[in-house]
1. Please go through the stretch 194-209 and pick out each residue that is open to solvent by 10 Å² or more (accessible area, probe 1.4 Å) and within 14 Å of the ligand (Cβ to nearest atom).
2. Cβ-Cβ distance below 6 Å, separation of 6 or more or different chains: which pairs start in the stretch 1-18 with a residue that is at pLDDT 85 or above and end on one that is in a loop (DSSP other than H, G, I, E, B) and acidic (Asp, Glu)?
3. So which residues in the stretch 168-193 are within 13 Å of the ligand (Cβ to nearest atom) and on the phi < 0 side of the Ramachandran plot?
4. Is it fair to say residue 340 is within 21 Å of the chain's Cα centre (by Cα) and assigned to a loop (DSSP other than H, G, I, E, B)?
5. Assess whether residue 120 counts as being farther than 26 Å from residue 287 by Cβ, open to solvent by 30 Å² or more (accessible area, probe 1.4 Å) and modelled with pLDDT under 95.
6. Any idea how many residues of the stretch 358-376 are over 16 Å from residue 348 (Cβ atoms) and either of a type in the set (D, E, K, R) or in contact with a strand residue (DSSP E or B) (Cβ under 7 Å, 6 or more places away or on another chain) (or both)?
7. The conditions are (1) within 23 Å of residue 256 (Cβ to Cβ); (2) away from the ligand (no atom under 16 Å from the Cβ); (3) surrounded by fewer than 22 Cβ atoms within 10 Å (Cβ to Cβ), and residue 384 fails exactly one of them. Which is it?
8. Working carefully through the options 340, 318, 309, find the one that is in contact (Cβ under 8 Å) with a residue 12 or more places away in the chain, in contact with a Lys or Arg (Cβ under 9 Å, 6 or more places away or on another chain) and either open to solvent by 10 Å² or more (accessible area, probe 1.4 Å) or not aromatic (Phe, Trp, Tyr) (or both).
Amino acid sequence: MSRKTYRPATLAIRSGHERSQFGEHSEPIFATSSFVFDSAEQAKARFSYEEPGNVYSRFTNPTLSVFQDRLAALEGGESCIGTASGMSAMLAVCMAGLSAGDHIVSSHSIFGASKVLLNSLLTSFGVEVTFVELTNLEEWSEALKSNTRMVFFETPTNPLMEVGDISAISTIAHDHNPDIRVVVDNCFCTPILQQPLKLGADVVLHSATKFIDGQGRCVGGAIVGDSEFVGEKVLGFMRTAGPSMSPFNAWVFAKGLETLSLRVNHACASALQLAEFLDGHKGIRQVNYPGLDSHPQRELVQQQQSKGGAVVSFEVEGGRDRAFSIINDTELISITANLGDSKTTITHPYTTTHARWSDHDKQAVGIGEGLIRIAVGLEDPLDIIEDLKL
Ligand SMILES: *Cc1c(COP(=O)(O)O)cnc(C)c1O
């Protein structure tokens, strides 16, 4: 199917699948570890990439290709590689793009495991890391060095929903050195709300576990970018090291992409309704949601994201006791730290997702004991609001 003739919403449903001789309508799951060749000559050509085609499911598989083509089309990237988890996508980008002696600049406010990967795993292999405030452009600029090879951040941040300026950070990095790779974790927005590659970033990372699956079934990840880095270097890392996505999970994610736009837009509308209900409600100090007019970076949000996303956080008066009692009084909403599920989830960041941060660090960024995070799902928004019993 020619990519040029269709728009992303169509490609999300139609691309990547080449019908087999059976004429199946839905994408099949190719549960096979290896592929058979017509001749020794063809095997040689496939192994050396002279001839396109599958060799071994550690690095290519037709079901995986369906998922990869669709996500590449949605993000506007040349190449996509699916991985076993969001964290292995991050690992693959670092292993394919960095060597000992290189330097990374990263935002402070990133997913917990991403932070550990950068500041303990990578540093033990001789990679240097500097953490900066996402919203402070001067800090980004000052942190760049002659050996900086990668810049990394997520936007909006979890759980405070601060927004990083993708275009400005990419320009600062590329003006310093065009070879610096700007890597954005686009898990919270998905390509439906925000396309970092179009704003100047070089690589997009995903935890497919979240909105791409959308029903909390499988763990997976993906990397999208240019064909030289993602299509060759990252693929080379996958071929050698193999944190691969299984054909079954690839099938779940490929089918997830078909409905991603409907689900994300619906969850955004419900999240906005919830945020508007909470904003100014008695006993609530602050609501953090990029879709509210009261968001401190509202102008940037409107330039960069088409909607506010599905995650809302808010600070209640009465600290931990009040936050715990609101969480414990829910009957419908699930008490779990996952997000991007059709089922709405509620969590207390201070004691769960951010429990490993020091009290000082949490207070410094504004993660208080009264903070609650809700990742809005697809239930009726009024049932979600009523379940909070505020
Ligand atoms: C969940 C998550 C990850 C890690 O993904 P896994 O699939 O759990 O490995 C990375 N970044 C963000 C923003 C996440 O929410």
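1. Of everything in the stretch 194-209, those that are open to solvent by 10 Å² or more (accessible area, probe 1.4 Å) and within 14 Å of the ligand (Cβ to nearest atom) turn out to be 207, 209.
2. That search, which allows pairs on different chains as well, returns 17/27.
3. So the first thing to find is which residues in the stretch 168-193 are within 13 Å of the ligand (Cβ to nearest atom), and the list is 183-190.
Answer for the stretch 168-193, where residues must be within 13 Å of the ligand (Cβ to nearest atom) and on the phi < 0 side of the Ramachandran plot: 183, 184, 185, 186, 187, 188, 189.
4. Values: within 21 Å of the chain's Cα centre (by Cα): yes; assigned to a loop (DSSP other than H, G, I, E, B): yes.
So residue 340 passes the test.
5. yes
6. Of the residues in that region, 2 qualify.
7. Among (1) within 23 Å of residue 256 (Cβ to Cβ); (2) away from the ligand (no atom under 16 Å from the Cβ); (3) surrounded by fewer than 22 Cβ atoms within 10 Å (Cβ to Cβ), residue 384 violates only (3).
8. Details: 318 fails: in contact with a Lys or Arg (Cβ under 9 Å, 6 or more places away or on another chain); 309 fails: in contact with a Lys or Arg (Cβ under 9 Å, 6 or more places away or on another chain).
So the residue among 340, 318, 309 that is in contact (Cβ under 8 Å) with a residue 12 or more places away in the chain, in contact with a Lys or Arg (Cβ under 9 Å, 6 or more places away or on another chain) and either open to solvent by 10 Å² or more (accessible area, probe 1.4 Å) or not aromatic (Phe, Trp, Tyr) (or both) is 340.
The values are calculated or read from the model by the stated rules, or taken from the named source; none is laboratory data. Values in this document were obtained by computation on a predicted structure and should not be read as measured data. Here Cβ is always computed from backbone atoms with ideal geometry, including for glycine, and neighbour counts include all displayed protein chains. For accessibility, only protein heavy atoms count, side chains too; no ligands or nucleic acids. Shrake-Rupley method; radii C 1.70, N 1.55, O 1.52, S 1.80 Å.
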